[in-house]
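These notes concern the structure reproduced below.
The values are calculated or read from the model by the stated rules, or taken from the named source; none is laboratory data. Source: prediction; values computed, not measured. Every residue, glycine among them, receives a Cβ derived from its backbone with ideal geometry; neighbour counts consider all protein chains shown.
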Amino acid sequence: MNIKKLFGKRNEIIGGHFNELRSKLGMANHDEEYIFSVRTEICNACPLKNGNNCNALKWMNPNTLEVADSSKDGFVRGCGCRLSAKQRSKLSLCPAGFWGGEFDKK
């Protein structure tokens, strides 16, 4: 992994945890919280969700929601992230493409 990508991931993680803390302290931005709640609903319906994590031991076809124990064409692997923080990271993307990019400047 190159250094730029490593620091980018670090910023995603820190941002997600910071926004999670802001929410718990009642200091969250309401518009952002709405987007985070939509992300939560999407993840809650995803077959890769395992507790509060995206299951990195499974692969899923984003079109059919079929789950497999090994890699297949058209399947994406779960990211393994702690979802309550990842869903609140403005920089993060769902590996299946179900959410992300809502905060990109247009």
Checklist line | Complete set of residues in the stretch 19-37 that are loosely packed, with under 14 Cβ neighbours inside 10 Å and not acidic (Asp, Glu) | finding: Leu21, Lys24, Leu25, Gly26, Met27, Asn29, His30, Tyr34, Ser37
Margin query: Looking at Ser71 and the list (1) assigned to a loop (DSSP other than H, G, I, E, B); (2) within 23 Å of Ile14 (Cβ to Cβ); (3) in contact with a Lys or Arg (Cβ under 8 Å, 6 or more places away or on another chain), which single condition is not satisfied?
Written below: (2)
Note to self: Among (1) farther than 23 Å from Arg10 by Cβ; (2) at pLDDT 95 or above; (3) among the charged types (D, E, K, R); (4) assigned to a helix (DSSP H, G or I), there is one condition Arg39 misses while meeting the rest; what is its number?
What the structure shows: (1)
Notebook entry, point to check: Counting only residues that are assigned to a loop (DSSP other than H, G, I, E, B) and out of contact with any Gly (no Cβ under 9 Å at 6 or more places or on another chain), which one in the stretch 74-93 is surrounded by the fewest Cβ atoms within 10 Å (Cβ to Cβ)?
Noted result: Gly74
Margin query: Residue pairs, Cβ under 6 Å, 6 or more apart or interchain, first in the stretch 17-32 and within 11 Å of Arg88 (Cα to Cα), second not in a helix (DSSP H, G or I). List them.
Written below: Asn19/Arg88; Glu20/Arg88; Arg22/Ala28
